[in-house]
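Below: the structure, in structure tokens.
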Amino acid sequence: MDIIFLRGLHIETIIGIYDWERESKQTVVLDIEMATDIQKAAESDSIEDALDYKAVSKRLISFVEESQYFLVEKLSEEIAKILLNEFKVPWFRLSLNKKGAIRGASDVGIVIERGVRP
């Protein structure tokens, strides 16, 4: 199994259950590891044969910026649907960090894995 990763993808969005969180955007940070087989892309040296991490990041940035969920659990599951259905990623691990959500904690968030490891 080969892994394509995106780390530290900062996106501004409306997220949270409190009134003040619904009034202004907050930053969430995504770290994603995605299973893929790089052999065909390595042989052809063509983006058409690769998992296009730029396309993944652009799609997720657009989606997350427009979203307005209450819970990080919901946002994570919606991101999961995009990765599994649109990009046909067979397995991934997503870390969604809602920095500053808890006073005194530098990081808080969720880690999910979906799909089947090849």
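Below is a table of values for the structure above.
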{"quantity": "Of all residues in the stretch 27-70 being surrounded by fewer than 16 Cβ atoms within 10 Å (Cβ to Cβ) and among the polar types (S, T, N, Q), the one that is nearest to the chain's Cα centre (by Cα)", "calculated": "Ser57"}
{"quantity": "Residue list for the stretch 60-95, filter: of a type in the set (A, V, I, L, M) and closer than 27 Å to Ile47 by Cβ", "calculated": "Leu60, Ile61, Val64, Ile79, Ala80, Ile82, Leu83, Leu84, Val89, Leu94"}
{"quantity": "Neighbours by Cβ (under 8 Å, 6+ apart or cross-chain): first from the stretch 1-12, closer than 25 Å to Asp37 by Cβ and in contact (Cβ under 8 Å) with a residue 24 or more places away in the chain; second charged (D, E, K, R) and surrounded by fewer than 16 Cβ atoms within 10 Å (Cβ to Cβ)", "calculated": "Met1/Asp37; Met1/Arg117; Asp2/Asp37"}
{"quantity": "Residue match in the stretch 12-28 (condition: closer than 24 Å to Val116 by Cβ and at pLDDT 95 or above)", "calculated": "no"}
{"quantity": "Enumeration of residues in the stretch 11-26 that are surrounded by fewer than 12 Cβ atoms within 10 Å (Cβ to Cβ) and either closer than 15 Å to Val72 by Cβ or touching a helix residue (DSSP H, G or I) at 6+ places or on another chain (Cβ under 8 Å) (or both)", "calculated": "Ile17, Tyr18"}
{"quantity": "Within the stretch 54-84, considering residues that are assigned to a loop (DSSP other than H, G, I, E, B) and of a type outside the set (S, T, N, Q), the one nearest to Leu6 (Cα to Cα)", "calculated": "Leu71"}
{"quantity": "Selected residue (only one of Lys88, Lys99 is assigned to a loop (DSSP other than H, G, I, E, B), basic (Lys, Arg) and touching a Ser or Thr at 6+ places or on another chain (Cβ under 9 Å))", "calculated": "Lys99"}
{"quantity": "Residue match in the stretch 48-56 (condition: among the acidic types (Asp, Glu), more than 22 Å from Arg117 (Cα to Cα) and out of contact with any Lys or Arg (no Cβ under 7 Å at 6 or more places or on another chain))", "calculated": "yes"}
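The values are calculated or read from the model by the stated rules, or taken from the named source; none is laboratory data. Small disclaimer: the values here were computed from a predicted structure and weren't measured. Neighbour counts are summed over all protein chains in view; Cβ atoms, including those assigned to glycine, are modelled from backbone coordinates with ideal geometry.
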